[in-house]
1. Could you please let me know if Leu33 is at pLDDT 95 or above, over 18 Å from the mean Cα position of the chain (by Cα) and surrounded by 10 or more Cβ atoms within 10 Å (Cβ to Cβ)?
2. Go through region 50-74 and give me each residue that's aliphatic (A, V, I, L, M) and either part of a loop (DSSP other than H, G, I, E, B) or in contact with a Phe, Trp or Tyr (Cβ under 6 Å, 6 or more places away or on another chain) (or both).
3. Name every residue in region 1-49 that is in a helix (DSSP H, G or I) and among the basic types (Lys, Arg), in order of residue number.
Amino acid sequence: MGAASPELLLRMAAHNEPLVNVLRVAMVAVSVLWVVLILRGRTALPKWMAAVNPATILALIFALYWVAPGVGVYILPVAMNVTHVIIFGLALMACSKTAQHRA
């Protein structure tokens, strides 16, 4: 087994970067849509869920990396997965409480 080739890593990063940029733009667009729809009352989610959007959670994860790098170094590589777990978990709890109040 040989060592990683810096040249190969740079070439692969050049191919990966445009895809990552598309993902970044999509994440911002979805976050804005998330906030607008919730604040306008177009979802079953409570208004406080507008603050819990992908952009905010990712910003908090990056802040965690800078404030507590010992923890952030493990969370940052899986930041999008952590974001999904937090959003879907809170949305499930919020909708579950809403359904209980209606029953």
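1. For Leu33, the condition - at pLDDT 95 or above, over 18 Å from the mean Cα position of the chain (by Cα) and surrounded by 10 or more Cβ atoms within 10 Å (Cβ to Cβ) - is not met.
2. Val52, Ala68
3. Arg11, Arg24, Lys47
The values are calculated or read from the model by the stated rules, or taken from the named source; none is laboratory data. Note that this is a predicted model, so its numbers are computed, not measured. Ideal geometry is used to build each Cβ from the backbone, glycine not excepted, and the neighbour counts take in all protein chains shown.
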